[in-house]
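The values are calculated or read from the model by the stated rules, or taken from the named source; none is laboratory data. It should be emphasised that the depicted structure is a prediction, and the values quoted were computed from it without experimental measurement. We place every Cβ from the backbone using ideal geometry, glycine too, and count neighbours over all the protein chains shown. The protein model used for the area step is the full one, side chains on, heavy atoms only, and it has no ligands, DNA or RNA in it. Shrake-Rupley method; radii C 1.70, N 1.55, O 1.52, S 1.80 Å.
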Amino acid sequence: MHVQTRAWRAGAVLATALTWVALLAGCTSSGVGDVFGRPAAPDDVIRVSPDDGSRGVHAGGRLRVRVPSGRLESVTVVRSQDGQEFPVLGRLSADETVWKPDDPRLVLAAEYTIDAVALDGDGRRVARHATFTTFVPDRRFVGYLMPENRATVGTGMIVSVQFNRQIANRAAVERAIRVTARPAVEIRPHWFGDKRLDFRPRQYWRPGTRVTVALRLRDVEGAPGAYGLQYKNVSFTVGRSQVSLVDAAAHTMKVRRDGKVVATVPITAGAPRTTTYNGKMVVMEMLAVTRMNSRTVGFGGEYDIPDVPHAMRLTESGTFVHGNYWSPDAPGRVNVSHGCVGLKDVRGGGSGTPAGWFFDHSLVGDVIEVVHSDDKKVAPDNGLGGWNMSWDEWKAGSAVW
């Protein structure tokens with residue numbers, strides 16, 4: 001009786017042991033660790049996109065951190081670029097299962113590091129560390145902006161962006177530049193060729209307007225394989241209104257400020273064989289003294305004046321309003337210039353001369369309109385000549401609208 005009992009007990013123990021072996025052998029689908037409560041792998045609990053270790057991710061790649069079940073406790077993302085580290089700001093979804101960056105576009109030529117902590121579906125805490133790098137472009141482009149940051153300009157200022165490369169994807173680049181004004185006014189862009197984009201309102205700016213240009217060109221593909229480099233804001237303020245009317249036939253310039261005529265100045269315009277352009281032109285730069293050489297503007301060796309005073313550029317082709325000391329009897333009487341508008345001056349420039357007075361009371365962005373000259377109207381892309389286009393013509397030059 002005792003022998004049988006011992007044998008039965010031994011058999012039961014052996015059967016139990018064999019049952020455990022069978023159970024363990026049959027757990028291949030879940031893994032032995034699941035039987036004993038081991039948590040799932042971090043990359044199963046916390047999903048990171050782009051994948052950990054990815055290389056060459058483009059700017060449009062979607063950065064996401066999510067959990068299929070459970071919730072995210074914290075997500076920290078750092079961007080390393082040019083030897084510096086920058087935090088990447090973002091936010092969790094309402095159910096705390098997805099984290100997204102505030103700025104959806106990735107920065108190129110950078111490494112991103114993600115550290116996330118989550119609670120899985122069973123309430124166990126899991127941490128994950130991941131990295132990826134973005135595409136490094138071989139070619140970059142930049143836009144050179146007029147006017148300068150913090151400038152005070154005249155009411156005719158046109159925002160002009162000149163690119164150092166030809167832009168094939170005009171729509172993408174146009175969308176990446178935003179020009180706003182306070183007080184608000186409608187502002188539209190116009191392309192002149194594939195390397196220049198200008199912005200203006202329907203009419204001249206109102207004095208006191210503050211204009212902000214937001215350049216968001218960084219990592220925008222402007223042409224195949226060429227990506228923008230800039231991400232910055234530039235602001236300027238519109239000063240008083242000054243519009244001067246040059247009558248080439250009457251040899252006068254009537255200066256109107258804030259709607260009132262403040263001076264009528266004698267001038268000399270282009271001679272009969274070298275006439276001055278008609279139309280609206282905008283002061284682009286102001287030079288107290290400059291050299292003017294006829295060879296640089298296609299007039300051969302006709303002149304080379306090393307010290308032209310009070311020079312204000314109106315066109316890229318070389319039209320200026322400037323002081324004239326070499327033809328003192330011409331202003332108010334006869335047109336003798338090679339296309340410029342000359343005002344009486346003295347050598348070295350004098351503040352008490354008509355040219356000195358006008359220079360001292362002018363701003364970059366002031367408008368000078370020429371009438372009654374025996375010449376064509378200035379081309380809209382020759383300097384800041386966009387005011388010579390109708391509003392409908394101007395708007396038609398957008399790649400987006």
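Once Rg and the Kirkwood radius are both taken over the C-alpha atoms of the chain, their ratio Rg/Rh works out to 1.34. Treating r as the C-beta distance of GLU111 and TRP401 and R0 as 35 Å, the FRET efficiency rounds to 0.40. Cross-link check: pairs LYS232/LYS254; LYS260/LYS344; LYS280/LYS395; LYS232/LYS260; LYS100/LYS395 evaluated at a Cα-Cα cut-off of 30 Å; pairs beyond the cut-off: LYS232/LYS254; LYS232/LYS260; LYS100/LYS395. When the chain is treated as a Gaussian network with alpha carbon springs shorter than 10 Å, the biggest mean-square fluctuation among GLU85, GLU369, GLU148 belongs to GLU85. How far apart, in nm, are two points set 7 Å out from the Cα along the Cα-to-Cβ line at ALA184 and at GLU285? Rounded to a tenth, the inter-label distance reads 3.7 nm. Per-atom-type breakdown for the chain gives carbon and sulfur 51% of the accessible area (1.4 Å probe, protein chains only).
Here the peptides 100-106, 156-162 are ranked by packing, the mean other Cβ count within 10 Å, and the order with the highest first is 156-162, 100-106.
Hey, could you grab the Kirkwood Rh for region 163-321? Inverse mean 1/r over distinct alpha carbon pairs, Å, one decimal. Taking every pair of different Cα atoms in region 163-321, averaging 1/r and inverting gives 18.9 Å.
The phi torsions of region 381-394, fed into the Karplus equation with coefficients 6.51, -1.76 and 1.60 and a -60° offset, translate into couplings of 9, 8, x, 9, x, x, 6, 7, 9, 5, 4, 5, 4, 5 Hz, rounded to whole numbers, with Gly and Pro shown as x. How would you classify region 232-296 from its alpha-carbon gyration tensor, with a ≥ b ≥ c the square roots of the eigenvalues: rounded for a/c under 1.5, else prolate if a/b is greater than b/c, otherwise oblate? It comes out oblate by the Cα gyration axes. Taking a ≥ b ≥ c as the square roots of the eigenvalues of the Cα gyration tensor, region 268-344 is rounded, since a/c falls below 1.5. Dividing the Cα radius of gyration of region 46-144 by 2.2 N^0.38 Å, with N the residue count, gives 1.16. Give the cross-link partners of LYS195 among the aspartates and glutamates, using a straight C-alpha distance below 12 Å as the criterion and excluding same-chain residues fewer than 8 apart. Correct list for LYS195: GLU174, ASP381.
Values of log10 I(q)/I(0) for region 309-351 across q = 0.31 Å⁻¹ run -1.13, by the Debye formula with one identical scatterer at each alpha carbon and no solvent.
If I take R0 = 22 Å and measure r between the Cβ atoms of ARG139 and LYS195 in this structure, what FRET efficiency does the formula 1/(1 + (r/R0)^6) give, to the nearest 0.05? Provide the component values of the computation, followed by the final result.
On the way: r = 15 Å, r/R0 = 0.67.
Calculated transfer efficiency: 0.90.
Once the Cβ-Cβ distance between ALA127 and GLN166 is put in as r, and R0 is 56 Å, what FRET efficiency do you end up with, to the nearest 0.05? With R0 = 56 Å, the Cβ-Cβ based efficiency is 0.70. What angle do you read, to the nearest 10 degrees and between 0 and 90, between the alpha-carbon axis of helix 2-25 and the longest principal axis of the chain? Around 20 degrees separate the two axes. The listed peptides 298-307, 275-284, ordered by packing as a protection proxy, come out as 275-284, 298-307 (highest mean of other Cβ atoms within 10 Å first). Summary of the geometry: region 263-314 and region 185-207, compared by the centres of their Cα atoms, lie 26 Å apart.
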